[in-house]
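Some notes on the structure that comes next.
The values are calculated or read from the model by the stated rules, or taken from the named source; none is laboratory data. This one's a predicted model, so the numbers in the text were calculated from it and none came from an experiment. Here the Cβ is made from the backbone with ideal geometry for all residues, glycine too, and neighbour counts use every protein chain on show. Note: accessible area is taken over every heavy atom of the protein model, side chains too, but ligands, DNA and RNA are not part of it. Shrake-Rupley method; radii C 1.70, N 1.55, O 1.52, S 1.80 Å.
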Amino acid sequence: MGVPIYPHMIQRHILKRSFGRLRLMRLPRFEIITKIRRSVVYRILRPRAPRHPVKFTGPAVVVGSAPVSTIPAGFSQHFHIVTVNGSQSVLDSWDVDSPDATFMQFNQVEGQTTNALHVRKVLNGKRTGLLYVVRWPKSLALLQKGLAAFNYTYDDVKVISRFKRMAMYEAVMGGLNVEIDDNMKFSNGITGVFYAILSGAKAIIITGINPDSSGHVYNDANLKRLHAGTDKQILQALIDRGYPLFTADVEVASASGLPLWTEDTFKEFTERSSDAVSS
């Protein structure tokens, strides 16, 4: 007579087979549960990856907060601009009143960290086109009140949930990133790059986005840059997949392998764009 099979034994067998890979990753149990939960909720919600309301037709510049940033060669009003947190402060020297879109981490609105305080200081009285606040945990009314407290204005404001960031990652990279730990998380600078790609930009130029740097352009606290390893991996993957990604910063080009956006690059882009329109 064989060993009797009970329902709980079947369930345990299924779980072992389903989660075998996860156990090999040696994740703590709560991280395994979090990974499963986020994946399931994401598949149920099927959020749409955010795109700009109007398709990007010219080159898009994604401006991060690294201490060094460079105005791209050939820069004009035909370039689209995406800024991150307080990086908008560099646009004064570019003769730009407001970017097309801004990605702001939720903590910058009310947080009391050194970084958050300086972000609000440099953004006081400024404006942007479309403001995306990443993972804001409160109501829209409280968000609007928090932004008004430092006189930051916008044409429209939207909240970007974790799941919408996951949708952006999947739409560009083709896989699912549930951001369980810091080794999986990517910066808002990379979020801006994804946004430019999804909005149709034919060339994406990053400046002030240097995973190897520390500190921010709007303060001298020299704070460590988070998610540097993941950002470098994503940038390399984008290059390998043939996305038209460039950097305006010489140091970043040298360290990362990203092609440098130069006057010649701009001329080639303009010629290709003209040929495409004429054909």
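Local charge sum around residue 260 (other residues, Cβ-Cβ under 11 Å, Lys/Arg +1, Asp/Glu -1)? Here the charged neighbours net out to -4.
Largest first, the three principal axis extents of the alpha carbons in the stretch 91-173 are 34, 29, 24 Å in whole numbers. Highest mean packing comes first when the peptides 147-155, 58-66 are listed by Cβ atoms within 10 Å, giving 58-66, 147-155. According to the square roots a ≥ b ≥ c of the eigenvalues of the Cα gyration tensor, what is the shape class of the stretch 32-175, taking rounded for a/c under 1.5, prolate for a/b larger than b/c otherwise, and oblate for the remainder? It comes out oblate by the Cα gyration axes. When the listed pairs 158/185; 138/202; 202/232; 55/164 are checked against a 26 Å cut-off, the alpha-carbon distance exceeds it for 138/202. Rolling a 1.4 Å probe over the protein heavy atoms leaves residue 176 with an accessible area of roughly 60 Å². Taken over the alpha carbons of the stretch 31-110 as equal point scatterers, the Debye sum produces base-10 log I(q)/I(0) values at 0.12, 0.19 Å⁻¹ of -0.52, -0.89. Which whole-angstrom value gives the distance between the alpha carbon centres of the stretch 45-102 and the stretch 243-259? If we compute the Cα centre of each part, the gap is 17 Å. Our summary gives the stretch 81-213 a relative contact order of 22 percent, counting only alpha carbon pairs under 8 angstrom and 6 or more residues apart.
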